[in-house]
Amino acid sequence: MDGRVSWRPWVVVVAVLAAATLAGAALPWVWVAVTVAGLVFSLSMVVSDLRARRFGTDVLATASLVGTLLVGEHLAGALIALMLGTGQALECYARGRAHRDLDALLARAPRTARVRRGGAVLAVPLAEVAVGDVVVVRSGEVVPVDGRLLEPGVFDESALTGEPLPVAREADTVVRSGVCNAGAVVAVCAVRTAEGSAYAGVVRLAEQALAGAAPVARIADRFAVVLVPVALAVAGFGWWWTGEPARAVAVLVTATPCPLLLAVPVAIAGGMSAVSRRGVVVKDGAVLERLGRVRTAILDKTGTVTVGAPVVTEVLTAPGKETGRVLGLAAAVERESPHVLATAVVTAARRARVPVGTATAVRDVPGAGAEGVVDGLDVAVGRAATTDLPGWARSAVRRARLDAAGVVWVRVAGEPVAALLVRDELRPEAGRTLGRLRAAGVDRLVLVTGDRREVAEDVGRLLGLDDVVADASPREKVARVLAEQEHAPTMAVGDGVNDAPALAAADVGVAVAARGLTATAQVADAVLTDEGIDRLADAVESARRARGIAVQSAALGVGLSLVAMLAAVSGFLAPAAGALVQELIDVLAVGNALRALRGNGAAEVPLVARRLITRFRAEHADLADARSAVRGAADALSGGLTPLARARVRAAHQALVDRILPHERAEEQELYPAVAPMVGGRAGIAPMSRGHAEIERLAGRLGRHLAAEPTADQVDDLRATLYGLDAVLTLHFAQEEQDYFVLADREH
């Protein structure tokens, strides 16, 4: 049992009540029966409130029904009962809409998996899938466990992310459970059990949400604290002043708090429906209401505002060593290694499109990395002693320290030949998401992480955070949450087990579905089913809108009810007329509340724009090696115009002419016009177009240097031009990823 009641039986109840109310004109006793039925229902709600230790507004409905029976205003009582039935039908309908997407998540959860064992493919219960098993996923089937692709595939991720277009995933990338195979049959190697996989966590939370009680409309309770005593006082005054009990009944009838009983739950349930459509699962309406009041957000770093995995950002080579060659050697060894940085190295080689040979005799060296033989060369990848390093390697160490990056050394025959700088990069959508949170009213953003201070401070500066706490233990994270709660409602966001205590302590704990959902999902109040945190802004925006509509609807209804109460106590409204007026007030309040079902009304991203964004985002990844060539050429000039430096400068220029500039021109002609309507028109894309112009200018300047054989007196300007290009390209790519590419990830 999930605690829900279908709205369809209530439609039948409303129809019966309406027919009975009409029939009561000929048979007055029918009105009495309808009133008594409404009284029984109202009393049951009062008892439910008392058991939950709540002071609700149902007491007014009960008092008005009792009053109509006592003074013989049976038509008014029947109308109140009809209003209560109509309201219950509307509320059940809104809750059903809120749970529809959660039901869809549960319905598509796989129960078995096809596992390759002993040369055969066997269907086994999902619980029997172990880490390392090869799972075969047919076209149209849901991926049952988190796994690493053994071959490229195409997946429909809309159920978790809202992205309408199929997404291509390359071999060796991890796909999350819950996505649907939209291409040919693929095989994945399970990296987690079904219990620890991402989709299982989402399903568990969905089950909790469906099994929970109806949304707790605390907004209505706060209004009730004022409305109930005021209504009783006005009714008592009217009776005392006129000596007519019917005058008091008329006041109670007009004060019957249907706008609170109906409009607030409808708005909150509508908000739950809106956030569910955006890839966010919340446990109940009380969570949504708290989310709409959040003023402070405490964010974890790794896996929350960063991608949560190391990425090779620079390849620095020894003099005379070719970048592609050493990267290919490193990838050949790491491809056979379970080393924690192996995936980053292999991915960098694939993006750079360098040939990767076959490594033999690969072995892991505890605390150092991996070693193997590639093309007859002894290759080692991993950590290395930082003493007695050659000059170029000392420069690489300094660069890594300045960039707060790690270093993976590539050694051949014991000598270092390259330094791979690795970092946990910011999520492209992080900056835009935090900007949207501020616009939604979250005015304090704090990063609390267990990572090093220099790394955390870099992230804080890039994202414009209000405070940064580094080297924090789980206990210290909880302490910071409690400290922030003293000043404002606080939300904690994280994805790791170490974040679970902070999520439990916060007013709202939000888990990010990045690397499976275990402890975080069990204690969290909400889960982002997508890996991106842009859903966090979607959730806060929708929650604030739903809460605002709920307050607006309640205030509208209560305000009009107060006016009707004054008319009733003055004798202008009889009980039956008051019931009809209250019905009109209900229609206005509930009609306003139903707006919450429509989401925040943001403009939809056209399909053409989505496709262009997907295309150019992929090109950004493919151009990583071309951008590195520009920086590498500038670095090579530090020793003067050596033959190697000349070759690197010309290779960088060729990469600009053949790959980067065509990409930039295509963006200007195709992508920018498509996204302009969503970013403020031509004025919105003008700064980015100016970036294109600067890239063209610097590339032209470099070309003029190379029109003839450059001489030693050109070195300074060559380096300045190349470093300028590197800086402009880095900033320009980051701005496009933050401002334009994330548009395709938002569900409207």
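General observations
- Debye log10 I(q)/I(0) for region 239-386, one point scatterer per Cα, at q = 0.14, 0.20, 0.22 Å⁻¹: -0.81, -1.20, -1.34
- Solvent-accessible area per residue, Å², over region 612-746 with all protein chains present [probe radius 1.4 Å]: 42 Å²
- Sorted from longest to shortest, the spans of the Cα atoms of region 522-583 along the three principal axes equal 61, 21, 17 Å.
- Probe 1.4 Å, protein heavy atoms only - accessible area per residue of region 378-488 in square angstrom: 47 Å²
- Shown for region 366-458: the carbon plus sulfur share of the solvent-accessible area, taken with all protein chains present and a 1.4 angstrom probe, equals 49%.
- Placing pseudo-labels 7 Å out from each Cα toward the beta carbon at A123 and V679 gives an inter-label distance of 4.9 nm.
- Taking amide H as placed 1.01 Å from N in the peptide plane, the amide H of V179 sits under 5 Å from that of V143, each at least 5 places away or on another chain.
- Calculated P(r) tail over 26 Å for region 592-748, as whole % of Cα pairs: 38 percent
- Normalised alpha carbon radius of gyration of region 555-659 [divisor 2.2 N^0.38 Å]: 2.70
- Of all lysines in the structure, the ones whose alpha carbon falls short of 30 Å from that of K477, not counting any fewer than 8 places away in one chain, are K283, K301.
- Surface composition of region 684-748: carbon plus sulfur atoms contribute 54% of the solvent-accessible area (1.4 Å probe, protein chains only, all chains present).
- FRET efficiency for the L584 to R611 pair, using the beta carbon distance and R₀ = 41 Å, is estimated at 0.25.
- Calculated on the alpha-carbon coordinates, the convex hull of region 409-465 measures out at 97 cubic angstrom per residue.
- At an R0 of 41 angstrom, the distance between the Cβ atoms of D471 and R704 translates into a FRET efficiency of 0.25.
- Mean-position separation - Cα centroids, region 705-720 and region 174-195, in angstrom: 52 Å
The values are calculated or read from the model by the stated rules, or taken from the named source; none is laboratory data. Small disclaimer: the values here were computed from a predicted structure and weren't measured. Please note: Cβ atoms are built from the backbone with ideal geometry, for glycine as well, and neighbour counts cover all protein chains shown. When the accessible area is computed, the model is the full protein with side chains, heavy atoms only, and any ligands, DNA or RNA have been set aside. Shrake-Rupley method; radii C 1.70, N 1.55, O 1.52, S 1.80 Å.
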